[in-house]
Amino acid sequence: MSGAWEQASRERLTAELARVRSILQAALARALGEEGAGAEEPAPQGGAPGAPAAIDMLCELFRLSPFERDLLLLCAGVELDSAIAGLVAAANGESRIAAPTFSLALAALPGAHWSALAPTGPLRRWRLIAVGNGPAALHSPLRIEERVLHYLAGAEHLDARLAGIVRPVAPDAALAPGHQ
């Protein structure tokens with residue numbers, strides 16, 4: 001992928017994380033009974049012309065619902081945005097624990113549905129997120145897989161688990177325009 005595509009993907013990811021941060025802030029304010037807790041969620045930013053951003057491609061390829069998209073972004077946001085990590089920790093009632101849970105996602109994110117965390121659902125089936133050990137399924141920590149996080153952040157590379165068994169192969173001949 002080109003440097004321009006990577007930059008556009010990072011900008012789109014930044015805008016999407018700002019949207020998720022706003023949703024979390026409003027949900028936390030509602031939970032605390034604060035005024036103005038009904039803040040509207042900002043609309044997603046339009047992508048740059050050309051190839052779709054990494055988050056858009058990933059959601060299309062794996063057919064993620066809007067809730068699954070937001071859940072994946074929440075998990076990525078904890079890793080990439082200290083404000084989101086702080087909001088998640090505050091929602092957990094623990095300043096040191098910034099792990100999103102399905103309970104938090106169900107309460108805060110719009111369009112919540114139980115099937116999003118089913119083992120056969122795309123988030124777990126394709127190992128986009130991992131479910132850690134917790135006292136109950138609802139309160140188990142969720143984490144984005146490292147390879148997915150790097151892809152969303154524009155750091156494309158071969159998964160370390162595959163490095164010893166696969167290698168990139170250059171095409172022998174030029175590809176037909178329709179195959180490029």
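General observations
- Number of residues in the range 72-115 that are closer than 23 Å to residue 15 by Cβ, touching a strand residue (DSSP E or B) at 6+ places or on another chain (Cβ under 7 Å) and either surrounded by fewer than 15 Cβ atoms within 10 Å (Cβ to Cβ) or of a type in the set (A, V, I, L, M) (or both): the value is 2.
- Exclusive hit being closer than 20 Å to residue 130 by Cβ and modelled with pLDDT of 90 or more, set 15, 26, 99: 99
- With a requirement of 2 or more residues that are farther than 20 Å from residue 153 by Cβ and more than 15 Å from the chain's Cα centre (by Cα), the helices (runs of 4 or more DSSP H) lying completely within the range 49-123 that satisfy it span 82-92, 102-108.
- Positions within the range 116-131 being farther than 20 Å from residue 55 by Cα and surrounded by 12 or more Cβ atoms within 10 Å (Cβ to Cβ), in sequence order: 118, 131
The values are calculated or read from the model by the stated rules, or taken from the named source; none is laboratory data. Note that the coordinates shown come from a computational prediction; the quantities given were computed from them, not determined experimentally. We place every Cβ from the backbone using ideal geometry, glycine too, and count neighbours over all the protein chains shown.
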